[in-house]
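Remarks on the structure that follows.
The values are calculated or read from the model by the stated rules, or taken from the named source; none is laboratory data. On a predicted model such as this, the values are computed, not experimentally measured, just so you know. When we count neighbours, we look across all protein chains shown, and the Cβ atoms used for this are built from the backbone with ideal geometry, even at glycine. Note: areas computed on protein heavy atoms with side chains; ligands, DNA, RNA excluded. Shrake-Rupley method; radii C 1.70, N 1.55, O 1.52, S 1.80 Å.
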Amino acid sequence: MTFKKFLRDHLFHIAFFFGGMIVLDIVLWLDPSMRFAKATLLYLDLLLALFFCAFLVGLYIYHLKWYRTIQTRLDAKEDSLNWPLTGATSAEKQFIQHYVNQLLAYHQQSIDRLISAQQDQKNFIDGWVHESKVPLAATQLLIESIEDQIPEDKFNQLTDELIQTEHYVEQVLYYSRLDSFSKDYLVQEYDLKPLVNQIIRQNRNYFIQKHIQFKLLGADQTVLTDAKWLAFILNQIISNALKYTPDGAQITVQIERDEQGVWLSVIDTGIGIPAEDLPRIFDKGFTGQNGRYSNQRSTGLGLYLARALSEKLGHELTVSSQQGSGSTFKLLFPFLSYYNTDDDDGLFGKTHPADK
């Protein structure tokens, strides 16, 4: 608190003091038994005013440490929620200090209850997902066992629906683990092409049924990532491209490398994204015009999870698109400079054979 604000808070006391001093001057001046020269009264008033001003300055200095304690907590923002208030030097401050600390204790109790409830919910979701995978796997075996007994189009439709169900179940699982990401990832060096090919194999039925061509361009690159989480990110991007790419079109995955790092681009020739939707496609629950008006089902979670997990892995996911011409999703795997040497040519100071 500034001294100006301190004085504003004590305007009543200041007015009361000077009002009392004026009343005293009038009494002394009018009392016939006491004769004071005007200069004497003015000198007395000046001394009293100086003493009062010194008192106000001293009082402000006395409270200044308390004000700074409060300001430090304000600057700390949410960190101060686990930081008890201390430094009370008077009964009034102790009352305020006790009140604030009680609020902090109540807040912590509420947070603990909320965390406990969220953990119970997460445990339930994790259990539900794992239990759901058992009947899904059994259904897959049943579908494969009757492949020769039903028409091919019906078999493909059943397979597609099953894959889509598994996809949604995976979304639920990864969404529930988003807050506990640090406990469930292992960053290592991986080659990109095998990971990309794995995702393409998982979605091969969609490529075949929609007669969509696939191209993988560029030399293989080694990146630092978590294979499981990256596979989920790529699956979201590829499945999104398949969803909005017409039959007979093409999806291209291109791997490049520059001074920033390794780039993995997923390029489709689909319907594209409207310009007004482009800034929001990574927002949770946002489906946009394509999701609302097309015959494709959209939860609005896939790209949100892809961006969130990319950021947690230290990657950067961006998109560019032109409506009617397709979209390009780019995933950047930045080089980690603290591993580099002065003559470094890339990741971890290694020169990859593909770059020679």
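If I ask for residues that are assigned to a helix (DSSP H, G or I) and either exposed (fewer than 12 other Cβ atoms within 10 Å of the Cβ) or among the polar types (S, T, N, Q) (or both), which ones from the stretch 1-22 would you list?
Residues satisfying the conditions are 4, 5, 8, 9, 11, 12, 15, 16, 19, 20, 22.
Here residue 47 passes the criteria (1) open to solvent by 70 Å² or more (accessible area, probe 1.4 Å); (2) at pLDDT 85 or above; (3) of a type in the set (A, V, I, L, M, F, W, C) except the one numbered (1).
Tell me, which residue of the stretch 172-190 that is farther than 13 Å from residue 229 by Cβ and open to solvent by less than 70 Å² (accessible area, probe 1.4 Å) is modelled with the lowest pLDDT? Quick ask: steps written out before the conclusion?
To start, the set of residues in the stretch 172-190 that are farther than 13 Å from residue 229 by Cβ comprises 172, 176, 179, 189.
Pick out the ones that are also open to solvent by less than 70 Å² (accessible area, probe 1.4 Å) and you get 172, 176.
Working: 172: 81, 176: 76.
The selected residue is 176.
Can you pull out every residue in the stretch 269-281 that is in contact with a Phe, Trp or Tyr (Cβ under 7 Å, 6 or more places away or on another chain) and either surrounded by 19 or more Cβ atoms within 10 Å (Cβ to Cβ) or closer than 21 Å to residue 190 by Cβ (or both)?
If we filter the stretch 269-281 for residues that are in contact with a Phe, Trp or Tyr (Cβ under 7 Å, 6 or more places away or on another chain), which is where we start, we get 270-271, 280.
Scanning the stretch 269-281 gives 270, 271.
Comparison of 25, 79 shows that the only residue that is acidic (Asp, Glu), open to solvent by less than 50 Å² (accessible area, probe 1.4 Å) and modelled with pLDDT under 85 is 25.
Restricting to the stretch 222-260, and then to whatever is among the small types (Gly, Ala, Ser) and open to solvent by less than 40 Å² (accessible area, probe 1.4 Å), can you tell me which residue is farthest from residue 204 (Cα to Cα)? Reasoning before the result, please.
Filtering the stretch 222-260 down to residues among the small types (Gly, Ala, Ser) leaves 227, 231, 239, 241, 248-249.
Adding the requirement that they be open to solvent by less than 40 Å² (accessible area, probe 1.4 Å) leaves 227, 231, 239, 241, 249.
Numbers: 227: 20, 231: 15, 239: 11, 241: 13, 249: 15 Å.
That would be 227.
Here residue 206 does not fit the description of being in a strand (DSSP E or B) and free of Cβ contacts under 8 Å to residues at least 60 places away in the same chain.
Take residues that are among the charged types (D, E, K, R), at pLDDT below 90 and closer than 23 Å to residue 197 by Cβ and tell me which of the helices (runs of 4 or more DSSP H) falling wholly in the stretch 212-316 contain 1 or more.
On the way: elements: 227-243, 288-293, 302-313.
In the stretch 212-316, 227-243 are the helices (runs of 4 or more DSSP H) which contain 1 or more residues that are among the charged types (D, E, K, R), at pLDDT below 90 and closer than 23 Å to residue 197 by Cβ.
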